[in-house]
Amino acid sequence: MARPKDSFTTVILGAGAAGMMCAAHAGPGVLVLDHAAKPGEKIRISGGGRCNFTNMYAGPENFLSANPHFAKSALSRYTQWDFIDLVARHGIAYHEKTLGQLFCDSSSRDIIQLLRDEMDRAGATLWLKSTLDEVSHDGARFRLRVTREGQSREVTAQHLVVACGGKSIPKIGASDQGYRIAKQFGHALTETRPALVPLTFGAEAAFADLAGVASPARIAANGTSFDEALLFTHRGLSGPAILQVSSYWREGDAITVQLCPEVGFYDALRARRSAAGRRDLATVLTEWLPKRLAQSIASRVAPTLEGRGNLADLSDAQLRAVTAALGEWQLKPTGTEGYRKAEVTLGGVETGGLSSRSMESRVQPGLYFIGEVVDVTGWLGGYNFQWAWSSGWAAGQDIAAKTGAG
Ligand SMILES: Cc1cc2nc3c(=O)[nH]c(=O)nc-3n(C[C@H](O)[C@H](O)[C@H](O)COP(=O)(O)OP(=O)(O)OC[C@H]3O[C@@H](n4cnc5c(N)ncnc54)[C@H](O)[C@@H]3O)c2cc1C
């Protein structure tokens, strides 16, 4: 029996953040394909269910890529302010949580609905529970074999946009198909690895008794540091500061933890020694640190204090040792929690093979890569969605212009 045949101007693989944004701007004749049962599943679970949809201070310096200049064009042509306008036009209430991070007041479902409305307005077709089994280019059009509702179909299109995201959280639909399509058409990939991910410390983790404790900290790895919260877990370290630094950490590297970086501990401890010398170190440290952490630090430095715990008994040199324990804590993670827990995938389709203006392939005209599948990875804080919006918009605009709809 002959397969049903469908012809579209543009097929977008992936109904996630970037794919839906692209569909809203790519002009008529767009089909969006996704193997999941619902669009935008990662948006739904993002930002603790409230979607940190952009960052007011987003700029190219907040992104990692083998080519740090690549993201500049798209980020400057579709900015955070453009997306904030769109959110406002849809009447979605939002707030700044911290550090320019904008979250929905109510639910991340508002952002999914916004994208669906924009796609409907543009007349895009959405096929869910559909898989792309094969793709080729015959010199004129892309030829795709798609299974939809158990039936195999042939789909042709002038443009193919790969928007199937990274490898993180496979249980909600992540796959490596975007990377495979890139390779098939002759694109190079940069190394991919889990990022924005908790760090683990193997059996040696001395933190098990601190699980659940949080503290402000400055965490550094490979010359980059972040001042945000640190969270101790049963398996290692997490919290925003660790997630941020995980994108810069490599196996074998140590990280440096500075607790409460805004506190000048040496001077503060000397002042407390003069004013309240009979208090013991752990008690004094609870002024700045949670009790369990203060006790753990005090017992860690205890051997260097020769059993003397009261501040009055401590010399300046000993106070310096305490300060070092608080400010230059060197730790060697053994690994990360992997794609199961990573918020994003670092690396991906090498940007040298793409136009930074349109995201179109330099190898295969009509082929585009957008969103997380590209080697552009944002910091924690709304930057990854901004890349999805900016790159999706850039590809959509280009396609619309080529088809006379721009
Ligand atoms: C728990 C969590 C929380 C996050 N919170 C935030 C946040 O608050 N702010 C922020 O900026 N970023 C956040 N991120 C990162 C952000 O979700 C991603 O960077 C962003 O969704 C990437 O957009 P994308 O369109 O490239 O990919 P995705 O949004 O992942 O979309 C890819 C789509 O492609 C589909 N797909 C994949 N493979 C196939 C295939 N073979 N066939 C058909 N369809 C396929 C998937 O089902 C999915 O719908 C979070 C990530 C996670 C995991």
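The values are calculated or read from the model by the stated rules, or taken from the named source; none is laboratory data. Predicted model only: the values in this text are computed from it and were never measured. Glycine gets a Cβ as well: all are built from the backbone with ideal geometry, and neighbour counts include every protein chain shown. Just so you know, the surface numbers come from the protein's heavy atoms only, side chains and all, with ligands and any DNA or RNA stripped out. Shrake-Rupley method; radii C 1.70, N 1.55, O 1.52, S 1.80 Å.
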Degrees separating the helix 80-89 axis from the principal Cα axis of the chain, which is the longest one: 70
Going toward the positive end of the dipole of the chain, with +1 on Lys and Arg Cβ and -1 on Asp and Glu Cβ, which of 130, 315, 249 do you reach last? 130
DSSP loop (so not H, G, I, E, B), at most 13 other Cβ within 10 Å: list which chymotrypsin sites (Phe, Trp or Tyr not before Pro) in the stretch 352-393 pass both filters. none
What is the angle, in °, between the Cα long axis of helix 109-122 and the longest principal axis of the Cα atoms in the chain? Nearest 10 is fine, range 0 to 90. 20
Within the chain, longest stretch free of exposed GluC sites (Glu not before Pro) [DSSP loop, at most 11 other beta carbons within 10 Å]: 1-148
If you count only protein heavy atoms with a 1.4 Å probe, what accessible area per residue comes out for the chain, rounded to a whole Å²? 42
Charge tally for neighbours of residue 108 with beta carbon under 12 Å away, counting Lys, Arg as +1 and Asp, Glu as -1, is +1
Using a Gaussian network for the chain with springs between C-alpha atoms less than 10 Å apart, which of these wobbles most: 220, 188, 317? 317
Candidates 202, 139, 378, ranked by Gaussian network fluctuation over the chain, Cα under 10 Å, top entry: 139
Which residue, 165, 353, 19, tops the fluctuation ranking in a GNM of the chain built on C-alpha contacts under 10 Å? 353
Scoring the stretch 54-167 by relative contact order with C-alpha pairs under 8 Å, at least six apart, yields a percentage of 15
Report the relative contact order of the stretch 167-254, percent, no decimals, based on alpha-carbon pairs under 8 angstrom and at least 6 residues apart. 27
If you fit an axis through the alpha-carbon atoms of helix 316-327 and take the longest principal axis of the Cα set of the chain, what angle between them do you get, 0 to 90°, nearest 10? 20
Residues of the stretch 234-278 with amide N under 11 Å of a point placed 7 Å along Cα→Cβ from residue 310: 277-278
Radius 12 Å from Cβ of residue 282, net charge of other residues (Lys, Arg +1; Asp, Glu -1): +2
What's the whole-number percent of alpha carbon pairs in the chain lying beyond 35 angstrom? 36
Relative contact order (percent) for the chain, with alpha-carbon contacts under 8 angstrom and 6 or more residues of separation? 25
How big is the charge dipole of the stretch 1-84 about its Cα centre, in debye rounded to the nearest 20, if each Lys and Arg gets +1 on its Cβ and each Asp and Glu gets -1 on its Cβ? 140
Local net charge near residue 3, Cβ-Cβ under 9 Å (Lys/Arg +1, Asp/Glu -1): +2
